[in-house]
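The values are calculated or read from the model by the stated rules, or taken from the named source; none is laboratory data. Owing to the predicted nature of the structure, the values given are computational and were not obtained by experimental measurement. No Cβ is skipped: glycine too gets one built from the backbone with ideal geometry, and neighbour counts run over all protein chains shown. With ligands, DNA and RNA removed, areas are computed over all heavy atoms of the protein, side chains included. Shrake-Rupley method; radii C 1.70, N 1.55, O 1.52, S 1.80 Å.
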Amino acid sequence: MSYSYFNKFAAISLDLNALIFKIKRGMELKRMGSLMAFVLLISGTALSQIGLKPLNQNPTIQSYLKQHPNYVWNAPQQHAKWGKKDTLHLPFFDDFTSTLMYPDSSKWLDNDVYVNRDFAIHPPSYGVATFDYLDANGKPYESIERENLDYGDTLTSQCINLKQDATGKAYTAGDSIFMSFYYQPKGLGDFITLEDSLKLLFKGSNGKWKHIWGVRGNSNLKFVQVLIPITESIYFTEAFQFQFVNLTHRWGNNNHWHLDNVYIEKNRKLSEDFQLDNSIASKPTSLLKNYFSMPYDHFLANPSEASDSFYFEVSNLSPTAVNALVKYQERQGDKIYINTPFDTNAVNTPGRGYVERKVKAYDLTNFVDTAYPIHVTRQYYVRGKSVNDIPLFQGNDSIVVDHFFTRHYAYDDGTPESGFGFNDLKTGDGRIVLAFDLKKADTLRAVDFMLTYNTQDVGRQRFVFQVYQDIEYNGGEDVLLFERAYVGNDIYDGIDNRGFFTVGLDTAIPLPAGKFYVGWSQERNFNLTVGFDKNNGYIRSKVLNKNIYFNVGDGWLENNNSTLVGAPMIRPIFGGATPWNVSISKTIPKSIGIYPNPTDGLIHLEAEVSEVFVMDMQGKKVPFRQVSSNSIDLSALETGMYIVTVVTKQNQILNAKVVKH
């Protein structure tokens, strides 16, 4: 299926003085109409007793920093993507596909925004920078006060030399320099109000920031392109900078704006409100029909759980339809299970739109490495049939994702876009469970719950984690196998301790194949805010989740809340005693530090290397010279982009793109 979805063009330059909110952090404003907007926006979920709750922090960032306490975003001697600082020359381009979690510090001076592949809907390319009210540590800038407006994230460019080009030739207004970008309000985040705004500022030779463009929160949820000419002489300086900033209510991980494809170049035209760019716009769907992950021996007991096909989105930013070719490769280390040529996968992609590509699945029952966690590397590529993207845009022509078969069942992909629980427990006594279909008899060892954070204090609230073999629904009866009570303070340690919490069982529970249920009960009206994955583990089906059941005293009910498209982040763990308490999720970016990048040949790898592979953008291995255990020489390769894959001595598989001059 193909879709046209990019708004063609936004105003070139807007007089938005009314949007220049002259407030500093901490200044209080009345919400005026925003309270009513907020009430209207959540009224649909308030009618149902279970529903979603906005997040007030970012568990993905917090989990990563907790596991990497010495991580410094722009420390010297790190991967060039996080260490290079120098005045830049045109062209400037960032589609946020080369990094995860934080922006590329060779292009940006700050790391407030969240670089991700999960929160946007149908982006131009699969990476976006998300603006919210959380700092670089995933915490609110100030205390959560929903009545107040405040500045949130900023994204400030490195200095760009607009005085002269790399050869010394001076720039003038006649060089027709334009800046363009795409933005989207909300996406898979929570509501956005009319008082929220995103704006752009320029800084020229006088050292002062000037408001150039802005937009209020609105109901349009498509990506919109903005094209702005740079003509004023004050900006033709060797230290030109631009900055995006959002103004928002102090609500934490809400009121999102998503930014993509920031591009500045000369010799552009006002009429050319497009880019000749085919790109991958989403991650591929799960290898499994109903789960993001499951134990591999359970899958072998019922291979029909394998997906019949895989799907991913390809976008076309040009104004006319393009015949786009795609290929994909799936492998374990050196063992390739499928590697299709471009010519067998061609399809027309509409202008300023995207197409959902369907590619055939393959046999998942013959993996050679079956030691947990079982890792599959998935690489997908796109290119034009007659015209390839210019090298500047080729970074988004490929994507590498990792799939793990683990000891747990998971509907979710590891990243919460919202919190989940009771929104209005009027009876003061409620239970929520998530149903799983066990593919073979096995021993339940533990359960992982993703616990997030919101402003409602649950530190003194009591809740009980529970496991049922059956519930009293559709002819069944309640068969409670396990329960353990907690008080919030037993688990929550302020805003810093968020992520998967493991509930270990006193005694392992043998379960037969078939349905079982995991969840919790509570006796008071509060929202536990269990993590909720709105991407539904990248399972293709995006429908009302019928695996959620709740009971508020009148018997068990199947989920009837239309907003609950996705999955609560609850993961039952089976099998061997070790390492049963280890959850593999995408909270840890699987990237390798490489410098220098771009390179003329010699590159250094920041890892304890066991093996290293280099492939071109078509997935074909290319020769290179191993200089040392941590250095390789690419001098013999042609100019272009390559993928470096490293297997570490800790048996991690890490990937990175490198540009060879």
- Message: Conditions first: (1) open to solvent by 20 Å² or more (accessible area, probe 1.4 Å); (2) outside any loop (DSSP other than H, G, I, E, B). THR167 passes all but one, so which condition is the exception?
- Response: (2)
- Message: Filter the stretch 612-645 down to the residues that are of a type in the set (A, V, I, L, M), modelled with pLDDT of 80 or more and under 21 Å from VAL400 (Cβ atoms) and list them by number.
- Response: VAL612, VAL614, VAL622, ILE632, LEU634, LEU637, MET641, ILE643, VAL644
- Task: Residue by residue through the stretch 507-550, note down the ones that are touching a strand residue (DSSP E or B) at 6+ places or on another chain (Cβ under 8 Å), of a type in the set (Phe, Trp, Tyr) and over 13 Å from VAL433 (Cβ atoms).
- Result: PHE526, PHE532
- Message: When you check PHE482 against the structure, is it buried (at least 16 other Cβ atoms within 10 Å of the Cβ), in a strand (DSSP E or B) and at pLDDT 90 or above, yes or no?
- Response: yes
- Task: Being within 25 Å of the chain's Cα centre (by Cα) and either farther than 27 Å from GLN332 by Cβ or open to solvent by 30 Å² or more (accessible area, probe 1.4 Å) (or both) is the filter here, so list the residues in the stretch 413-444 that pass it.
- Result: PRO416, GLU417, SER418, GLY419, PHE420, GLY421, LEU434
- Note on the structure: Condition set open to solvent by less than 70 Å² (accessible area, probe 1.4 Å) and not in a loop (DSSP other than H, G, I, E, B), scope the stretch 340-356, selection nearest to PHE574 (Cα to Cα): answer is GLU356
- Query: Among (1) among the small types (Gly, Ala, Ser); (2) open to solvent by less than 40 Å² (accessible area, probe 1.4 Å); (3) under 28 Å from ASN267 (Cβ atoms); (4) part of a loop (DSSP other than H, G, I, E, B), which single condition is GLY138 missing?
  - Reply: (3)
- Say whether the condition of being open to solvent by less than 10 Å² (accessible area, probe 1.4 Å), of a type in the set (A, V, I, L, M) and more than 22 Å from LYS210 (Cα to Cα) is met by at least one residue in the stretch 264-278. no
- Message: Filter the stretch 98-117 down to the residues that are open to solvent by less than 10 Å² (accessible area, probe 1.4 Å) and not aliphatic (A, V, I, L, M) and list them by number.
- Response: THR99, TYR102, PRO103, ASP104, SER105, TRP108, ASN116
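Can you tell me which residue in the stretch 310-322 is nearest to the chain's Cα centre (by Cα), limited to those that are closer than 25 Å to LEU544 by Cα and open to solvent by less than 20 Å² (accessible area, probe 1.4 Å)? Show your work before the answer.
Quick first cut of the stretch 310-322, residues closer than 25 Å to LEU544 by Cα only: 310-313.
With the extra rule that they be open to solvent by less than 20 Å² (accessible area, probe 1.4 Å), the set shrinks to 310, 312.
Details: PHE310: 19, PHE312: 15 Å.
Here the residue is PHE312.
Every residue, every condition in (1) closer than 29 Å to PHE181 by Cβ; (2) assigned to a loop (DSSP other than H, G, I, E, B); (3) hydrophobic (A, V, I, L, M, F, W, C), yes or no:
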position: LEU325; (1), (2), (3): yes, no, yes
position: TYR337; (1), (2), (3): no, no, no
position: LYS358; (1), (2), (3): no, no, no
position: ASP363; (1), (2), (3): no, yes, no
position: ALA371; (1), (2), (3): no, yes, yes
position: GLN379; (1), (2), (3): yes, no, no
- Query: Mind checking which residues of the stretch 187-211 are open to solvent by 60 Å² or more (accessible area, probe 1.4 Å), assigned to a loop (DSSP other than H, G, I, E, B) and either among the polar types (S, T, N, Q) or under 29 Å from LYS222 (Cβ atoms) (or both)?
  - Reply: LEU194, SER205, ASN206
- Message: Criterion first (assigned to a strand (DSSP E or B), under 30 Å from PHE532 (Cα atoms), in contact with a Phe, Trp or Tyr (Cβ under 8 Å, 6 or more places away or on another chain) and modelled with pLDDT under 95) does LEU155 satisfy it?
- Response: no
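Does PHE299 satisfy being more than 25 Å from the chain's Cα centre (by Cα) and either within 24 Å of GLY566 (Cβ to Cβ) or exposed (fewer than 15 other Cβ atoms within 10 Å of the Cβ) (or both)?
On the way: more than 25 Å from the chain's Cα centre (by Cα): yes; either within 24 Å of GLY566 (Cβ to Cβ) or exposed (fewer than 15 other Cβ atoms within 10 Å of the Cβ) (or both): yes.
Answer is yes for this residue.
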- Flagged in the stretch 90-106 as more than 23 Å from ASN254 (Cβ to Cβ), at pLDDT 95 or above and not in a strand (DSSP E or B), in numbering order, are LEU90, PRO91, ASP95, THR97
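From the set of residues in the stretch 584-611 that are in a strand (DSSP E or B) and open to solvent by 20 Å² or more (accessible area, probe 1.4 Å), which is modelled with the highest pLDDT?
That would be LEU602.
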- Item | Total residues in the stretch 225-240, condition open to solvent by 10 Å² or more (accessible area, probe 1.4 Å) and in a strand (DSSP E or B) | 1
- Of the residues in the stretch 141-152, how many are more than 23 Å from LEU201 (Cβ to Cβ), in contact with a strand residue (DSSP E or B) (Cβ under 7 Å, 6 or more places away or on another chain) and assigned to a strand (DSSP E or B)? 2
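For (1) in a strand (DSSP E or B); (2) farther than 30 Å from GLY204 by Cβ; (3) modelled with pLDDT of 95 or more, each residue gets a yes or a no:
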residue	(1), (2), (3)
GLN77	no, yes, no
PRO123	no, yes, yes
THR130	yes, no, yes
LEU162	no, no, yes
- Item | Whichever residue in the stretch 439-479 is in a strand (DSSP E or B) and of a type in the set (Asp, Glu) and, among such residues, is modelled with the lowest pLDDT | ASP448
- Within the stretch 212-224, residues in a loop (DSSP other than H, G, I, E, B) and open to solvent by less than 20 Å² (accessible area, probe 1.4 Å) come out as GLY217, PHE223
- Message: Going residue by residue through the stretch 400-412, is there one that turns out to be open to solvent by 20 Å² or more (accessible area, probe 1.4 Å), of a type outside the set (A, V, I, L, M) and assigned to a strand (DSSP E or B)?
- Response: yes
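Name the single residue that is modelled with the lowest pLDDT among those in the stretch 212-231 being more than 20 Å from PHE92 (Cα to Cα) and not polar (S, T, N, Q).
The extreme case among them is LEU221.
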